[in-house]
Amino acid sequence: MLRRVLTAALAGIALTACSVTVDDPAPPGERVVTVLTHDSFAVSPEVLDAFRAKSGITVKTLASGDAGELTNKLVLTKGNPLGDVAFGVDSTFASRALKEDVFAEYASPEADRGAQRYRIDPPNRLHAVDVGDVCVNVDVAAFKDKGEPRSYADLADPKYKDLLVVEDPATSSPGLAFLLGTVAEFGESGWQDYWSRLKANGVKVVSGWEEAYTQDFSGSSGRGPRPAVVSYASSPSAEIGEDGNPRTRALLDTCYRQVEYAGVLNGAKNPDDARAVVDFLLSAEFQADVPGQMYVYPSREGVALPEAWAKAAPLPAQARALPADRVDANREQWVQQWRSLVQG
């Protein structure tokens with residue numbers, strides 16, 4: 001899952017922006033749908049209020065950790081779920097949730113507006129809500145004379161020694177996404193050799209995105225010593241200089257795509273209204289709110305991005321990706337091999 005600390009750290013947006021929380025009583029006569037989410041779910045209060053006024057449905061959210069923790073909770077409570085809908089199971093963990101039959105079949109009529117491009121389940125148990133790409137970001141000014149790296153291979157070039165900071169894939173979702181990107185790029189037979197070259201080239205590993213981006217990266221507020229960092233394709237939109245130009249750039253040939261999904265839970269107490277909430281998550285109103293609230297790209301086609309994104313944060317056309325079942329089968333092994341190689 002893409003850990004959206006960008007939302008709070010860079011944009012000052014509260015992750016508790018929902019107008020109704022799990023502790024709020026529903027107004028008399030209204031129906032209630034509980035949505036289990038990852039910790040970084042955010043939506044503008046006015047968008048939720050408009051949905052409630054139109055549908056009569058009160059949406060309550062229950063934050064449940066990151067994508068992995070959310071998936072584990074859904075599996076452990078299947079058959080007697082804690083809510084009606086889940087949002088935030090991403091393409092890294094989706095195969096496990098599907099294998100465990102956590103979600104009910106439902107084909108949302110809103111899905112044909114773009115979400116079907118990311119469909120991974122023919123019975124339509126999961127619907128794509130947003131797309132986020134993890135990419136290496138660079139401090140443009142720092143590479144003015146040296147020339148920017150462009151590819152994974154460039155990052156291991158001695159020309160860029162001691163310039164890159166990455167997150168630990170065992171403790172960070174962008175770190176895991178970057179590791180998966182190197183597996184997709186170099187294959188089972190080549191990714192470990194690539195990491196050996198990165199290690200020899202002075203790559204620095206830290207525990208999480210916030211430390212990497214705000215302390216070690218020279219292009220952020222921390223003004224750290226390293227001009228290349230694993231972050232998001234959307235990150236440069238938060239780094240616009242006084243001249244109107246982004247101070248940082250995402251290297252679009254180093255991106256790994258993650259998709260976040262929503263679905264109606266098997267055993268939901270309110271399945272009819274749960275389906276209406278899934279429709280809402282795919283609606284034009286909610287999708288237009290996604291970039292500004294969660295710093296990810298909407299799955300719906302034709303949704304206008306914020307003005308700064310068009311210039312600074314275009315959606316990568318050909319991000320790497322791995323099949324969800326392959327990730328599920330190999331994730332722990334790859335992380336352990338990475339630990340032995342890079343930290344052993």
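Structural remarks
- Matching residues in segment 232-251 - criterion: being part of a loop (DSSP other than H, G, I, E, B), crowded, with 18+ Cβ neighbours inside 10 Å and among the charged types (D, E, K, R): Glu239, Arg247
- When residues in segment 307-344 are screened for being out of contact with any Gly (no Cβ under 6 Å at 6 or more places or on another chain) and outside any helix (DSSP H, G or I), 11 of them pass.
- Residue in segment 158-191 that is nearest to Glu211 (Cα to Cα), counting only those that are out of contact with any Lys or Arg (no Cβ under 9 Å at 6 or more places or on another chain) and in a loop (DSSP other than H, G, I, E, B): Thr171
- Filtered residue count, segment 315-341, keeping only those that are crowded, with 16+ Cβ neighbours inside 10 Å and within 21 Å of Asn137 (Cα to Cα): 5
- Every residue from segment 90-120 that is within 19 Å of the chain's Cα centre (by Cα) and either assigned by TED's automatic domain parsing to the domain that holds Arg326 or under 24 Å from Glu301 (Cα atoms) (or both): Asp90, Ser91, Thr92, Ala94, Gly114, Ala115, Gln116, Arg117, Tyr118, Arg119, Ile120
- Residue count, segment 198-226 (criterion: at positive phi and among the charged types (D, E, K, R)): 1
- Some residue of segment 164-178 being closer than 28 Å to Ala238 by Cα and more than 20 Å from the chain's Cα centre (by Cα): yes
- Qualifying residue in segment 288-297 (condition: of a type in the set (Gly, Ala, Ser) and in a loop (DSSP other than H, G, I, E, B)): no
- Pairs, first buried (at least 18 other Cβ atoms within 10 Å of the Cβ) and in a helix (DSSP H, G or I) in segment 105-126, second at pLDDT below 95 and among the hydrophobic types (A, V, I, L, M, F, W, C), C-beta under 6 Å, six or more apart: Tyr118/Val259
- Any hit, segment 222-230, residues being modelled with pLDDT of 95 or more, farther than 26 Å from Arg117 by Cβ and surrounded by fewer than 16 Cβ atoms within 10 Å (Cβ to Cβ): yes
- So Val131, is it within 24 Å of Gln293 (Cβ to Cβ) and β-branched (Val, Ile, Thr): yes
- A residue that is under 16 Å from Asp168 (Cβ atoms) and part of a loop (DSSP other than H, G, I, E, B) cannot be found anywhere in segment 216-227.
Here is a yes/no grid of residues against (1) aromatic (Phe, Trp, Tyr); (2) touching a Leu at 6+ places or on another chain (Cβ under 7 Å):
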position	(1), (2)
Phe51	yes, no
Leu70	no, yes
Asp84	no, yes
Gly88	no, yes
Ser95	no, no
Pro109	no, no
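- Residue in segment 184-200 that is surrounded by fewer than 24 Cβ atoms within 10 Å (Cβ to Cβ), among the basic types (Lys, Arg) and free of Cβ contacts under 8 Å to residues at least 60 places away in the same chain present: yes
- Apart from one condition, Glu148 fits all of (1) touching a residue at least 24 places away in the same chain (Cβ under 8 Å); (2) in a helix (DSSP H, G or I); (3) more than 21 Å from the chain's Cα centre (by Cα); the exception is (2).
- Total residues in segment 90-149, condition of a type in the set (D, E, K, R) and in contact with a Phe, Trp or Tyr (Cβ under 6 Å, 6 or more places away or on another chain): 1
Listed here are the residues, each with its yes/no results for (1) buried (at least 19 other Cβ atoms within 10 Å of the Cβ); (2) charged (D, E, K, R); (3) without any contact (Cβ under 8 Å) to a residue 40 or more places away in the chain.
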residue: Asp253; (1), (2), (3): no, yes, no
residue: Val259; (1), (2), (3): yes, no, no
residue: Ala268; (1), (2), (3): yes, no, no
residue: Arg275; (1), (2), (3): yes, yes, no
residue: Val278; (1), (2), (3): yes, no, no
residue: Leu282; (1), (2), (3): yes, no, no
residue: Tyr297; (1), (2), (3): yes, no, no
residue: Arg300; (1), (2), (3): yes, yes, no
residue: Ala310; (1), (2), (3): no, no, yes
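The values are calculated or read from the model by the stated rules, or taken from the named source; none is laboratory data. This structure is a prediction, so every number in the text was calculated from the model and none was measured. Methodologically, a virtual Cβ is constructed for each residue, glycine included, from the backbone with ideal geometry; neighbour enumeration extends over all protein chains shown.
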